[in-house]
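Reading through the structure tokens given below for one structure.
The values are calculated or read from the model by the stated rules, or taken from the named source; none is laboratory data. Remember, it's a predicted structure, so these values are computed and weren't measured experimentally. Here the Cβ positions follow ideal geometry from the backbone for every residue, glycine too, while neighbour counts run over all protein chains shown. Each accessible area value is taken on the protein alone, full model and side chains, heavy atoms only, with ligands, DNA and RNA left out. Shrake-Rupley method; radii C 1.70, N 1.55, O 1.52, S 1.80 Å.
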Amino acid sequence: MTDFSGLFTPFQLGKFTLPNRIVFPPMGLEVCEGGVPSEEAAQYYARRAQGGASLVITEGVYIDHHSSGDNPMLGRFHGEDAFEGWRTVATKVHEAGGICVPELWHVGLIYRGPDLMTGVEVAFRPELGQVSPSGYIEPGKQVCDGMTQAQIDEVIAAYARGASKAVELGFDGIELHGGHGYIIDQFFWKALNHRTDRYGGSARECGQFAAEVITACREHLEPGMPVILRISNWKMIDFAARIADTPEELEELLAPAVEAGVDLFDCSQRRFWEPAFDDGSDLNLAGWVKKVTGVPSCTIGSVGLDADFFVNLAEGKIAELNTVRLDDLMRRFDRGDFDLVAVGRAMIAEPDWPQFVRDGDLHQLKPFSPSLMADPLMAHVKD
Ligand SMILES: Cc1cc2nc3c(=O)[nH]c(=O)nc-3n(C[C@H](O)[C@H](O)[C@H](O)COP(=O)(O)O)c2cc1C
């Protein structure tokens with residue numbers, strides 16, 4: 001029987017002492033009509049805190065910039081109607097005993113091909129005034145000019161407004177979405193960043209934009225409020241992509257964020273057990289990030305699942321379940337590879353996941369199935 005006790009020890013995140021190591025990660029469920037989270041959405045987040053997630057991160061929310069993103073069913077972080085909804089989210093999560101941060105998001109210039117869910121082509125739309133480091137919509141395909149310094153400053157200022165608003169609405173800090181191929185990641189990823197100024201060239205320079213966003217946001221947060229940076233190798237347009245080819249390059253890339261005072265790296269992987277580099281080490285991304293930066297890290301990726309949602313969806317298969325890899329998770333955690341563990345889909349299916357795991361009642365966990373995503377706010381009340 002796996003020993004999960006390590007997950008139920010306290011962890012210091014900025015000024016907050018989290019009672020355990022379990023995080024509910026950002027999940028955009030396309031339930032925010034007009035970008036506004038409903039009362040049910042607030043209940044859904046609070047339910048994960050009630051179930052035992054010590055830190056609840058909201059879905060990616062579009063910051064106050066004209067091209068930060070425009071899916072009308074995903075949360076926005078501008079406009080009074082949306083702010084009132086987010087204030088309720090923060091309040092309800094607090095009432096349920098959790099710490100809550102919004103994930104501030106700007107999509108940059110994205111090409112996603114046909115959307116996995118809807119089949120709709122998401123291509124370059126010049127009318128939106130989309131911005132990206134060098135105007136590349138995918139590796140090798142430049143569709144517009146790269147950002148001017150003024151455009152970079154505008155986007156950084158929009159992140160800073162997001163941080164300021166987060167404090168005003170009662171959140172406890174912020175997460176910055178620096179993964180999955182969106183704007184911060186477009187600076188990290190040298191296949192899309194061809195700049196020759198201070199934002200591109202060496203790995204360190206590719207990490208500069210993220211650092212400036214952190215610094216600008218930090219000015220608006222209260223002392224001790226954490227800044228979390230989500231990063232990933234994988235992109236929506238390329239699951240096999242990498243932000244760094246070696247641990248040394250990873251260290252150089254993240255050094256500016258470390259110097260800017262990032263509190264936690266949230267290291268997004270599709271499967272937590274996959275090594276970050278082909279160098280014989282079994283360390284995953286969170287493991288390497290913690291090792292080369294000395295900053296705490298959070299792992300994620302199919303915890304509590306044994307099959308991949310995206311692959312299964314694409315292949316028309318239903319995911320098979322459950323929990324085969326938790327002993328490997330704990331082996332890595334107990335070795336000190338990472339400090340926190342985020343549980344997404346498994347906690348959509350089973351909000352009491354932390355409690356069942358703590359008590360060793362794995363057989364009681366409701367399994368995740370992609371069909372739950374048809375009505376994710378209610379997923380946990382269905383079988
Ligand atoms: C429907 C869905 C929506 C997601 N939305 C976001 C998002 O808004 N921001 C983000 O950083 N990651 C997002 N992710 C990625 C998740 O945070 C997480 O990294 C991923 O689901 C893997 O974790 P899991 O295997 O525990 O579910 C999303 C994933 C899914 C399945």
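Restricting the search to segment 351-369, which residues are open to solvent by less than 40 Å² (accessible area, probe 1.4 Å), more than 20 Å from the chain's Cα centre (by Cα) and in contact (Cβ under 8 Å) with a residue 60 or more places away in the chain?
Within segment 351-369, Asp352, Val357, Gly360, Leu365 meet the criteria.
Search segment 162-190 for residues that are within 16 Å of the ligand (Cβ to nearest atom) and among the small types (Gly, Ala, Ser) and pair each with any residue that is part of a loop (DSSP other than H, G, I, E, B) and modelled with pLDDT of 95 or more when their beta-carbon atoms are under 7 Å apart and the residues are at least 6 apart or on different chains.
Here the result reads Gly162/Ile63; Gly162/Asp64; Gly162/Phe77; Gly173/Gly14; Gly173/Leu221; Gly173/Met225; Gly173/Pro226, each pair linking segment 162-190 to a residue that is part of a loop (DSSP other than H, G, I, E, B) and modelled with pLDDT of 95 or more.
Output the residue which, of all residues in segment 34-69 that are farther than 30 Å from Leu128 by Cα, among the polar types (S, T, N, Q) and over 19 Å from the mean Cα position of the chain (by Cα), is most open to solvent (accessible area, probe 1.4 Å).
Step by step, filter segment 34-69, then rank; the result is Gln50.
Applying the selection to segment 21-34, what residues are within 13 Å of the ligand (Cβ to nearest atom) and modelled with pLDDT of 95 or more?
Within segment 21-34, Ile22, Val23, Phe24, Pro25, Pro26, Met27 meet the criteria.
For residues that are closer than 20 Å to Val343 by Cβ and either touching a residue at least 60 places away in the same chain (Cβ under 8 Å) or part of a strand (DSSP E or B) (or both), tally how many sit in segment 20-53.
Here the count works out to 19.
Under 24 Å from Asp145 (Cβ atoms) and within 17 Å of the chain's Cα centre (by Cα), is that true of Ile231?
On the way: under 24 Å from Asp145 (Cβ atoms): no; within 17 Å of the chain's Cα centre (by Cα): yes.
Here the answer is no, as Ile231 does not meet what is asked.
Based on what the data block shows, is His94 over 25 Å from Leu264 (Cα atoms), open to solvent by 20 Å² or more (accessible area, probe 1.4 Å) and either touching a strand residue (DSSP E or B) at 6+ places or on another chain (Cβ under 6 Å) or more than 16 Å from the ligand (Cβ to nearest atom) (or both)?
So His94 does not fit the description; no.
Does segment 244-252 include one or more residues that are at pLDDT 95 or above and either within 16 Å of the ligand (Cβ to nearest atom) or under 23 Å from Leu18 (Cα atoms) (or both)?
No, there is no match, as no residue in segment 244-252 is at pLDDT 95 or above and either within 16 Å of the ligand (Cβ to nearest atom) or under 23 Å from Leu18 (Cα atoms) (or both).
Here are some residues: Phe209, Phe272. Which one is closer than 18 Å to Lys290 by Cα and in contact (Cβ under 8 Å) with a residue 24 or more places away in the chain? Even if it seems obvious, please write down each step before you answer.
On the way: Phe209 fails: closer than 18 Å to Lys290 by Cα.
Only one candidate passes the filter, namely Phe272.
Sort out which residues of segment 330-340 are more than 16 Å from Val292 (Cα to Cα) and either surrounded by fewer than 24 Cβ atoms within 10 Å (Cβ to Cβ) or free of Cβ contacts under 8 Å to residues at least 60 places away in the same chain (or both), and write them in order of number.
Once the filter is applied, which keeps residues that are more than 16 Å from Val292 (Cα to Cα) and either surrounded by fewer than 24 Cβ atoms within 10 Å (Cβ to Cβ) or free of Cβ contacts under 8 Å to residues at least 60 places away in the same chain (or both), segment 330-340 yields Met330, Arg331, Arg332, Phe333, Asp334.
Among the numbered criteria (1) closer than 15 Å to Gly178 by Cβ; (2) away from the ligand (no atom under 16 Å from the Cβ); (3) not in a helix (DSSP H, G or I), which single criterion is violated by Val258?
Tallying (1) closer than 15 Å to Gly178 by Cβ; (2) away from the ligand (no atom under 16 Å from the Cβ); (3) not in a helix (DSSP H, G or I), Val258 fails exactly one: (3).
May I ask you to list the residues in segment 70-85 that are out of contact with any helix residue (DSSP H, G or I) (no Cβ under 9 Å at 6 or more places or on another chain) and buried (at least 24 other Cβ atoms within 10 Å of the Cβ)?
Result: no residue meets the conditions.
Filter segment 261-284 for residues that are within 16 Å of the ligand (Cβ to nearest atom) and hydrophobic (A, V, I, L, M, F, W, C); which is surrounded by the most Cβ atoms within 10 Å (Cβ to Cβ)?
Taking the candidates together, the pick is Cys267.
Can you say whether Glu127 is away from the ligand (no atom under 16 Å from the Cβ), touching a residue at least 40 places away in the same chain (Cβ under 8 Å), among the acidic types (Asp, Glu) and surrounded by fewer than 22 Cβ atoms within 10 Å (Cβ to Cβ), as far as the supplied structure shows?
no
Could you figure out which of (1) open to solvent by 10 Å² or more (accessible area, probe 1.4 Å); (2) closer than 28 Å to Met373 by Cβ; (3) touching an Asp or Glu at 6+ places or on another chain (Cβ under 7 Å); (4) not in a loop (DSSP other than H, G, I, E, B) isn't true of Cys100?
Condition not satisfied by Cys100: (1).
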